[in-house]
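Accompanying notes for the structure given below.
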Amino acid sequence: MNGVQFPDGFRLERLARAHPRKRFRCGEAAVDDWLAAHALQHQEKHLSATKVLLDEAGAIAGYYTLATAQVDFSDLPTEVTKRLPRRILPVAVLAWLGVSAERQGQGLGARMLAQALRDCYEAGNTFAFVAVILDCLNDAAKAFYKRWDFEEVPGRPYRLFLSAKRLDAMMEEGG
């Protein structure tokens with residue numbers, strides 16, 4: 001999985017104050033609210049990084065937010081923690097991903113997820129982590145991520161993970 005190709009006229013940019021965040025609507029109020037009210041502030045405080053996919057007119061077609069965190073050794077399945085120290089472990093977090101309602105069904109969510117995973121993979125060459133984790137808002141989101149080899153964290157059915165080892169393999173398989 002090399003650099004992701006977006007349709008002609010679309011471009012991915014780091015979130016900036018000039019982007020029309022408050023006009024974004026994807027059908028999930030929490031996802032809309034995060035972009036409108038919190039994403040830029042968190043980015044400016046170095047808590048997360050948000051990238052927006054802009055269409056030909058400069059409207060936000062979608063976005064994703066990445067962050068880092070730590071999880072307790074016991075919060076991850078043994079296939080991830082095997083041979084790791086029994087302590088708090090670093091993880092990459094896919095905190096948010098949304099596609100505008102009028103752009104859903106065009107494959108943009110999958111392309112943005114692929115790019116988010118590429119970003120995590122590249123960051124992992126500098127800042128190590130044992131897995132990419134995310135929390136799903138609903139069953140539809142969970143089904144989407146499971147198609148990308150994310151698995152449930154034991155005892156937390158809406159928290160999913162993709163091991164760093166699996167992420168490495170995905171990137172090497174795709175080129």
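The numbers here are math on the coordinates, done by the rules we state, and not lab data. Since we're looking at a predicted model, the values are computed, not measured. Using ideal geometry, Cβ is built from the backbone for each residue, glycine included, and neighbour counts are taken over all protein chains shown.
At full extension, Glu152 and Lys22 could sit 43.6 nm farther apart than now, given 0.36 nm per residue minus the alpha carbon distance.
The mean sequence distance of close C-alpha pairs (under 8 Å, at least 6 residues apart), as a share of the length of the stretch 80-155, puts its relative contact order at 44 percent. In this simple spin-label approximation, Arg14 and Gln106 carry label points 7 Å from Cα along the Cα→Cβ vector, and these lie 2.6 nm apart.
Hydrodynamic estimate: the Kirkwood radius of the chain over Cα pairs, inserted into Stokes-Einstein at 10 °C and 1.306 mPa s, corresponds to D of 95 µm²/s. The ranking of Thr81, Thr126 from fewest to most other beta carbons within 10 Å of each one's beta carbon is Thr126, Thr81.
Where only DSSP H runs of four or more residues are counted, the chain gives -8000 deg cm²/dmol as its mean residue ellipticity at 222 nm, each run worth -39500 (n - 2.57). For the chain, which longest stretch is free of loop sites, where a loop site is one of the trypsin sites (Lys or Arg not before Pro) that DSSP puts outside H, G, I, E and B and that has at most 15 other Cβ atoms within 10 Å? Within the chain, the longest run free of exposed trypsin sites (Lys or Arg not before Pro) spans 88-146.
The magnitude of the dipole of the stretch 11-174, with charges of +1 and -1 set on the Cβ of Lys/Arg and Asp/Glu and taken from the Cα centre, is near 240 debye. For the stretch 118-175, the alpha-carbon radius of gyration amounts to 1.16 times the rule-of-thumb value 2.2 N^0.38 Å expected for a compact globular protein.
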